Number of protein chains: 2
Amino acid sequence: MNDRKQHVVKMAHQLFIDKGFQATSIQDILDYSGISKGTFYNYFSSKSELMIAIFKMTYADLEKQRNELLIGQDRTDIEIFIKQIELQLKTNRKNKLITLFEEVLVSNDIDLKQFIDQGRINNIRWIYERLLDIFGETKKPYLLDSAIMFMGLLRDNIKFFHIAHDTNANIGHVVRYSVRRLVNLVDELAETDEQLIQPEQLESWIPDCRKPDQLFQKKLHHSIYIMKNLLRHIEEQSKYMELLDFIEEELLDSKSPRKFLIESALLSLKAVDGSVWEKEWEPLEKLVVDFFKTEDEK
Amino acid sequence: MNDRKQHVVKMAHQLFIDKGFQATSIQDILDYSGISKGTFYNYFSSKSELMIAIFKMTYADLEKQRNELLIGQDRTDIEIFIKQIELQLKTNRKNKLITLFEEVLVSNDIDLKQFIDQGRINNIRWIYERLLDIFGETKKPYLLDSAIMFMGLLRDNIKFFHIAHDTNANIGHVVRYSVRRLVNLVDELAETDEQLIQPEQLESWIPDCRKPDQLFQKKLHHSIYIMKNLLRHIEEQSKYMELLDFIEEELLDSKSPRKFLIESALLSLKAVDGSVWEKEWEPLEKLVVDFFKTEDEK
DNA sequence: TATATATTTATACATGTAGTACAATATGAA
DNA sequence: TTCATATTGTACTACATGTATAAATATATA
């Protein structure tokens, strides 16, 4: 990434921190960083992509600092873990990451959502592995559950502590309180031998080669789901339902989906009236086109 | 709210559930519910206001169902609490409330944010009070912390359980697992005598300093409800109904209720005949007087 | 039934946003 | 200097929220 681009990222991040993601327009970013629209879209294909760049940079930095805390230290020392969590919280606060996450999670941008979700899962995984360091193999079956619940209770403790005391200080106090709950949690789970989610599940959550495919699946399913709902009050709905089902099946289950059949089905579907319908039909068609484009490249 | 308006709310809610709040344009709502733009803006001043209407309706319904579960039951029975939590989760899922909350929290609409935040705090308070029923006064100092952490860990348990098993079923299993953690949490906090946030804090969260407190709201609503019933067999009832509605709305929803208008409305209402009526009119007037007295003190 | 009042519709309009297209211009290395 | 690449400026499309208003329609009342 060149200096100029880096500069835009920095300026945009500042604007996002000050005004929020949604409230910052592209024009704001252009003015604030002194570039033209053309250059912006040369760098990033959208505001979302710029956001991803910001997240990536911030998280790379966090990870680096986080690992530095471990250098030459005892991995089983829970005090180091506490310091790492505090670091993470401070980074979050400094960069308004939580707020930006939330904003972004609702921005109708599936790619961006995917990115954030993956980030969260990575974070859970990091905590899980640190807990494995600290509590040892014997507690392993309970540590994914513990990691998940720890993140949940920590987040809300921070949130409401902040509301109650209206201060950013004393975060350390909240972290220590929450970690004590975590320790108790692990002990109790081991004692009663209760497990909600197996740590092995983590492996299937990690990004792998099938990920883009899964994303496509999700998008397709979502699109078709919505269109089915729209059909509810339309005559001949069953015919169109069948067409939609056929497209989904042919694309997801068939080894070599028959392009001509799917295109014909799409055309028949286009005949349905209504502007809402039309607005939903288009992305479906785009999905199909993209599907066959990448299919040809293989 | 008249039938037509109700119909619009219903159709819009469906669209929000299917496509999300942001992704649904006003035009979509117009098409789907078959009204014109003029009518829409006659009903609601914005999409946000429509959203508030949806939230209010859904939550009123949830609260009703939730209380019905308690009728004739033992408040200390944790099984009832579990049923109530499950009900809440099901309502959330059915109405995509979590998603809509998140969407709305970033919509640059202060009133809407305020509304949602208050709703969350109310929820915490409700849980706190139920925990007080279940665990008793002796555990009181730890129950607000417990309520907060319970909400946090429950939410994430549900979320990741859903990711892991890709199913909406077995919510009950997750709830029970989480409630067992809650019980252990309360015990442990009492044993080690640790406290993060004092339950007394709740009181300061409830009244948004500009809005009347809940007790006042309840009293007002009750008083107006009774008076409306009395009006049933009286001529010009609709005029008086409107006056009553106006008073309630102006006192509860307006940032700076117009004293002169409310007093004038009260005077008009006094004109209704009947000794029973008079007996109900007086407490209402007292409520209003008290309201403006405390308002002036601020 | 006739008339006044309120509601609803249809349409045009103002404003703001994201993103595209493209010719003109600047920059920097061979 | 030349040539490829980066950048700019401007115009354009498309779509969104929300306002304004005259005309049509429905409702209540006398």
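The values are calculated or read from the model by the stated rules, or taken from the named source; none is laboratory data. Computed from a prediction, not measured in an experiment: that's the story for all the values here. Note that each Cβ is placed from the backbone with ideal geometry, even for glycine, and that neighbours are counted across all protein chains shown. Calculation scope for accessible area: heavy atoms of the full protein, side chains included, ligands and nucleic acids excluded. Shrake-Rupley method; radii C 1.70, N 1.55, O 1.52, S 1.80 Å.
If you go through the stretch B:129-170 and keep only what is touching a Leu at 6+ places or on another chain (Cβ under 7 Å), within 13 Å of chain A (Cβ to nearest Cβ) and open to solvent by 60 Å² or more (accessible area, probe 1.4 Å), you end up with nothing.
Restricting the stretch B:29-40 to residues that are among the β-branched types (V, I, T) and not in a loop (DSSP other than H, G, I, E, B) leaves a set whose member that is farthest from the other protein chains (Cβ to nearest Cβ) is B:T39.
If the condition is being of a type in the set (V, I, T) and either open to solvent by 30 Å² or more (accessible area, probe 1.4 Å) or within 8 Å of DNA strand C (Cβ to nearest atom) (or both), then the stretch A:32-52 contributes A:T39, A:I52. Sub-7 Å Cβ pairs linking a first residue in the stretch B:34-51 that is polar (S, T, N, Q) to a second residue that is open to solvent by less than 30 Å² (accessible area, probe 1.4 Å) and modelled with pLDDT of 90 or more, at least 6 apart or interchain, are B:S36/B:L30, ordered by first then second residue.
If the requirement is being within 18 Å of A:I226 (Cβ to Cβ) and free of Cβ contacts under 8 Å to residues at least 40 places away in the same chain, which of these qualifies: A:L261, A:L284, A:L269, A:L252? The conditions single out A:L252. Of A:E248, A:E278, all but one fail to be surrounded by 13 or more Cβ atoms within 10 Å (Cβ to Cβ) and among the charged types (D, E, K, R); the exception is A:E248.
Residue count for the stretch B:19-28, restricted to those that are in a helix (DSSP H, G or I) and touching a Phe, Trp or Tyr at 6+ places or on another chain (Cβ under 8 Å): 1. Put simply, of B:S238, B:S268, B:S264 the only residue that is over 26 Å from the mean Cα position of the chain (by Cα), surrounded by fewer than 11 Cβ atoms within 10 Å (Cβ to Cβ) and at pLDDT 70 or above is B:S238. Condition (residue is modelled with pLDDT under 75 and away from chain B (no Cβ under 14 Å)) applied to the stretch A:213-231: is it met by at least one residue? Yes, the conditions are met somewhere in the stretch A:213-231.
Is the stretch A:169-178 home to any residue that is under 23 Å from B:K159 (Cα atoms) and of a type outside the set (D, E)? Scanning the stretch A:169-178 turns up at least one residue that is under 23 Å from B:K159 (Cα atoms) and of a type outside the set (D, E).
Would you check if there is a residue in the stretch A:77-100 being within 16 Å of DNA strand D (Cβ to nearest atom) and more than 21 Å from A:S178 (Cβ to Cβ)?
So in the stretch A:77-100, the residues within 16 Å of DNA strand D (Cβ to nearest atom) come out as none.
The answer is no; no qualifying residue exists.
Within the stretch B:10-25, the set of residues being modelled with pLDDT of 90 or more, within 15 Å of DNA strand C (Cβ to nearest atom) and either within 15 Å of A:L231 (Cα to Cα) or out of contact with any Ser or Thr (no Cβ under 9 Å at 6 or more places or on another chain) (or both) comprises B:M11, B:S25.
Within the stretch B:16-31, being farther than 16 Å from A:P283 by Cβ and open to solvent by less than 50 Å² (accessible area, probe 1.4 Å) holds for B:F16, B:I17, B:F21, B:I26, B:I29, B:L30. Residues in the stretch A:67-77 include at least one that is part of a helix (DSSP H, G or I), open to solvent by 70 Å² or more (accessible area, probe 1.4 Å) and in the same structural domain as A:I127 (by TED's automatic domain parsing).
Does A:L185 satisfy the criteria of being facing another protein chain (nearest Cβ under 7 Å), within 20 Å of B:V174 (Cα to Cα) and more than 24 Å from the chain's Cα centre (by Cα)? Against the criterion (facing another protein chain (nearest Cβ under 7 Å), within 20 Å of B:V174 (Cα to Cα) and more than 24 Å from the chain's Cα centre (by Cα)), A:L185 qualifies. Can you confirm whether the stretch A:26-48 contains a residue that is over 30 Å from A:V183 (Cα atoms), modelled with pLDDT under 90 and away from DNA strand D (no atom under 16 Å from the Cβ)? Looking for residues that are over 30 Å from A:V183 (Cα atoms), modelled with pLDDT under 90 and away from DNA strand D (no atom under 16 Å from the Cβ), one finds at least one in the stretch A:26-48, hence yes. Being out of contact with any His (no Cβ under 7 Å at 6 or more places or on another chain), open to solvent by 80 Å² or more (accessible area, probe 1.4 Å) and in the same structural domain as B:R125 (by TED's automatic domain parsing) holds for only one residue in B:K64, B:K10, and it is B:K64.
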